[in-house]
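Before any comments, here is the structure.
Derivation of every value follows stated rules applied to the coordinates shown; laboratory data play no part. Owing to the predicted nature of the structure, the values given are computational and were not obtained by experimental measurement. Positions of Cβ are generated from backbone atoms using ideal geometry, with glycine treated the same way; all protein chains shown enter the neighbour counts.
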Amino acid sequence: MRAEAVVLFDAKDAMAPDPADELNTVSAAAGGDRGAFERLYRRHAGRVHGLCLRLTGHRETAEDCVQETFVQAWRGLDRFQGRSAFTTWLHRIAVNAALSRRRRLAQTLETGAETAPDEAERAGVDAAPPLDLEAAIAALPDGARHVLVLVGIYGFSHAEAAESLDIAVGTSKAQFHRARRLLAARLELPLEES
Amino acid sequence: MNMKETSRRSLDQRLAALDPEIATDRDLWPSIVAKIGASDALEGSLDAIPPEAAPEFSAHTGSAHTGPARAGSVRRWPLALAAGFALVALVGALFGWQVARLRPATFASSPPPVFTKPQPTDRDPFAGPETESFRATRASLEQTYQQRLALLAPATRHRVEQDLATIRAANADIRKALEADPQSAVLNHLLASTLHEEFDLYTAVIRNSAPAVPRSPS
């Protein structure tokens, strides 16, 4: 398992649970307390599902991703050492699960993970009617969408996103810029090229 | 403030305004606890095994598990590979049905699968872990599965039943093998894998026979 990074999501964790309570709950779950683990599930399932759904773009795959995330979390709780927020640790598991399932889904549908960019890029440029933001994000090419979701919505730094996605930091930044450019075009927002 | 900054800020604000949480359409906890139950049952069986005979498999393999507060890892690869090869049959058994689910029009003409014929036994070959919560969860899932199964097209239903029979046959075979070698880590892992496959099949049937839900995250 990867080394844990610094605590994340400060800005996005306004609704985060009390850290002490979270730590106690995690400790209890790590000791085998199924009730404590259910509390963690109830607390984090929505966020994990949001992450999985936005990364995979497929509702059923996202539900599988949520299940896999929590099953793997249960199995790996003894390895969680509290150096990072539990949310961060959990989200890393979710990202791995989502990308793995996304790849399998792409293979099943015979659509390769990066076959859509050109179409999406054209869609962003040619754009017919403006979409809502979620739909526009869902239509982004995989690479750009993954970075945008992690960095733009879930508060990952580019370094963390790059590590999670197994790409270079520069690639993460480039994909983020690309995602913004495509979104701006799709949503008909003016955006000058840098 | 130039136009670029304005539009970017606007986009950032829109992104920041998105709710990170999206509720699931159904409660996933029962399925999760069922899979955890299978893991715990496996762990119980492995607790009796000397550490050198009970390697800790990576959770990323998806085929073996360790519960929290469990440690130990010795010689993972040989056993992991063996377990992986043995699971190919189970995965293959479900693959046909998954394909049929995606392409129902071509399903009826697909050749019959090469599956192990289920062997009759004088007891429930799929008793599962001897824990009350596991049995209750499994019973609940199976009840819903049986109800939903009746809603499927006959050909699909037949295929699902074949797959379940294959899983249960594998479970029975593994249990039989365990009688001769109860401390085999590989067999215990394979046994737990059949439990996972069963729950996955129940979940797939229940999910795919449910009323359609919106696909957009928005």
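Summarise the long-distance tail of P(r) for segment B:148-190 by giving the % of C-alpha pairs beyond 13 Å. I get 60 percent for the Cα pairs in segment B:148-190 exceeding 13 Å.
When only alpha carbons of segment A:56-97 are considered, Rg and Dmax amount to 10.8, 32 Å. Between B:Arg26 and A:Ala159, the modelled labels are 4.3 nm apart [label points 7 Å from Cα along Cα→Cβ]. Once the other residues with Cβ under 11 Å from the Cβ of B:Pro30 are scored (Lys, Arg +1; Asp, Glu -1), what is the net sum? Its environment carries a net charge of +1.
Length available on full extension from A:Ala168 to A:Arg104: 0.36 nm per residue minus the Cα-Cα distance, which gives 20.7 nm.
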